[in-house]
Amino acid sequence: MMTKRFWSALLAAGTLLGATAAQAEDYTFHRWLPDQHPVNARTLMPWFDAVREATEGRVDISYTAASLVPPPRQIDAVASGAVDFALAVHGHTPGRFRASLIGELPFLARDAEPLSVALWRTHAEYFEEANEYAGTKVLAVFAARPGAVWSHSRAFASMEDWDGAKVFCGVRNSCALVERLGAVPVQRPGPQVREMLEKKIVDAAFIDHSSYKDFRLQPFVTNATETPRGIYAATFYVVMNEDKWTALSDADKAAIEELAGESLARTAGANWDDESRIAMEQMAENDVAVVEASGDYLAAMQEAVIAPSEAAYLEEAQTIGVDGAAALSFLRAQIEEEG
C-alpha cells in the first residue's frame with residue numbers, strides 16, 4: 001500500500017518534471033511507453049489533439065517528461081492525483097481487476113478491433129458498478145491483437161514441444177496458460193521481452209504481433225505459432241483522475257465522452273490490427289517460419305486452457321458480485337457481431 005507521503009512526493013516530482021511547460025499544459029498523461037510505440041503515436045497522441053480541439057483548448061493533455069512509477073502503479077498514480085491520465089494493462093494488477101480481466105481469456109478473437117469494441121460494451125453493461133477503477137473516470141478499455149507464440153530456436157508445432165520450455169509471459173493469466181500447456185512461465189513486463197529472447201533466457205514468448213517490430217524482436221525470432229483465434233490477449237484501459245473529471249464543465253465532459261468509450265476503443269483496436277499487419281509483412285520478409293495450429297494439435301491446446309481459464313475467471317468475478325457467465329456470453333456475442 002502506497003503511503004500518502006509517497007504520493008505527495010510523487011506529485012511534487014511530476015510538477016518539477018513538467019514545470020517548464022506547466023503554463024501551457026493543463027493536464028498530464030503518465031508516460032511509460034516510448035513515444036514511437038504505436039499506441040502512443042497512432043492512438044493516444046492524436047486523441048490528445050482531438051480532445052484539445054473539441055474542448056477549444058480547455059483540456060490540453062501532454063505526457064509527463066519521464067516515467068514516474070512502474071507500469072503496475074498507473075491507476076494508483078491517477079487516483080492519487082499524482083498524474084491526471086494514464087494508460088495501463090489490466091493484467092499488471094490482477095488483484096485489483098477481477099471482472100475486467102475477461103479479455104485475457106484464451107481463444108476469444110482473432111483481431112483487436114472487434115475484441116476492443118466488445119470489451120468496452122461489456123464494461124458498460126456489466127462492470128461499471130464493480131468499482132474496479134475507484135478514484136478514476138474510465139475513458140476506454142481495449143485490447144492488443146490477440147497474440148501468437150514466438151520462438152528463437154524451435155517451432156512449437158505439437159504439445160510435446162511445450163514440455164519444460166521456458167516461455168516469456170507478461171501478465172498472470174497468460175503465465176497460467178503457459179503452465180497449462182506444460183511449459184514453464186517466466187513473467188516479466190512486456191518491454192523486457194527483447195532482452196529475454198536475445199539472451200536466450202526463454203525459449204519462446206507470448207506477445208502480440210505488433211511487438212515483433214515495436215520491441216525490435218526481428219533478430220531473435222525464427223518461428224511463430226498461430227491459432228485461428230489468439231491464444232491470449234493483453235487488455236488496456238485509459239483513466240482520468242476522478243476529481244479532475246468532476247471539475248470539468250458539462251460541455252467538456254460531453255466533448256470528451258464523444259471521443260472516448262467505444263470510439264476510442266475501436267480506434268485503438270483498429271490501429272493495433274494495422275500495426276500487426278505491418279509486423280506480419282516483416283515476418284514474411286525475414287522468413288519467420290509460421291506454424292498454423294489446427295486439427296488434433298489445436299484441439300489439445302484448447303482442451304488444456306479454455307475450461308480451466310474460464311472456471312478461474314468465473315470464480316474471480318463472483319467474488320465482486322459480477323455475473324461472469326453472463327458477461328462472457330455477452331462479450332462473445334459482441335465479438336461475433338463486430339466480426
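The values are calculated or read from the model by the stated rules, or taken from the named source; none is laboratory data. Please read these numbers as outputs of a predicted model, since none were measured by experiment. Backbone-built Cβ (ideal geometry, glycine too); neighbour counts: all protein chains shown.
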Practice prompt. Mind listing whichever residues of segment 46-71 are surrounded by fewer than 17 Cβ atoms within 10 Å (Cβ to Cβ), modelled with pLDDT under 95 and closer than 22 Å to ASP208 by Cβ?
Written response: SER67, PRO70
Item to complete: Could you list all residues from segment 204-237 that are in contact with a Lys or Arg (Cβ under 8 Å, 6 or more places away or on another chain), of a type outside the set (A, V, I, L, M) and crowded, with 23+ Cβ neighbours inside 10 Å?
Response: ASP208, HIS209, SER210, GLY230
Fill in: Qualifying residue in segment 272-282 (condition: in a helix (DSSP H, G or I), of a type in the set (S, T, N, Q) and under 28 Å from HIS152 (Cα atoms))
yes
Item to complete: Find all pairs meeting these conditions: Cβ atoms under 8 angstrom apart; at least six residues apart or on different chains; first residue within segment 236-255 and at negative phi; second residue at pLDDT 95 or above and acidic (Asp, Glu).
Response: MET240/ASP84; ASN241/ASP84; LYS244/ASP84
Item to complete: Those residues that are surrounded by fewer than 22 Cβ atoms within 10 Å (Cβ to Cβ) and either in contact (Cβ under 8 Å) with a residue 60 or more places away in the chain or of a type in the set (A, V, I, L, M) (or both), I need them from segment 140-180; list them, please.
Response: HIS152, SER153, ARG154, ALA155, ALA157, SER158, MET159, ALA165, ARG172, ALA176, ARG180
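Do we find that ALA268 is in contact (Cβ under 8 Å) with a residue 24 or more places away in the chain and of a type in the set (Gly, Ala, Ser) in this structure?
Details: in contact (Cβ under 8 Å) with a residue 24 or more places away in the chain: yes; of a type in the set (Gly, Ala, Ser): yes.
So ALA268 passes the test.
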Worksheet item: Of the residues that sit in segment 181-203 and are at pLDDT 95 or above and within 16 Å of GLU104 (Cβ to Cβ), which one is surrounded by the most Cβ atoms within 10 Å (Cβ to Cβ)?
Response: LEU181
Practice prompt. May I ask you to list pairs of residues, at least six apart or on different chains, whose Cβ atoms are under 6 Å apart, with the first in segment 17-45 being at pLDDT 95 or above and the second being assigned to a strand (DSSP E or B) and of a type outside the set (Phe, Trp, Tyr)?
Written response: TYR27/ILE61; PHE29/ILE61; HIS30/ALA86
Worksheet entry | Enumeration of residues in segment 33-46 that are more than 13 Å from SER62 (Cα to Cα) and among the hydrophobic types (A, V, I, L, M, F, W, C) | LEU33, VAL39
Fill in: Counted residues, segment 102-153 - those being closer than 26 Å to LEU197 by Cα and part of a strand (DSSP E or B)
5
Practice prompt. Hand me the list of strands (runs of 3 or more DSSP E) wholly inside segment 202-256 holding 2 or more residues that are aromatic (Phe, Trp, Tyr) and in contact with a strand residue (DSSP E or B) (Cβ under 7 Å, 6 or more places away or on another chain).
Written response: 235-241
Worksheet item: Residue check, THR93 against (1) among the β-branched types (Val, Ile, Thr); (2) buried (at least 23 other Cβ atoms within 10 Å of the Cβ); (3) modelled with pLDDT under 95, all met but one. Which one?
Response: (2)
Worksheet item: What number of residues in segment 51-110 are more than 21 Å from PHE29 (Cα to Cα) and without any contact (Cβ under 8 Å) to a residue 12 or more places away in the chain?
Response: 1
Worksheet item: Could you give every pair whose Cβ atoms fall below 7 Å, whose first residue belongs to segment 188-212 and is over 22 Å from ASP287 (Cβ atoms), and whose second residue is of a type in the set (Asp, Glu) and at pLDDT below 90, counting only separations of at least 6 or pairs across chains?
Response: none
Practice prompt. Kindly indicate whether VAL178 is at negative phi, at pLDDT 95 or above and in a helix (DSSP H, G or I).
Written response: yes
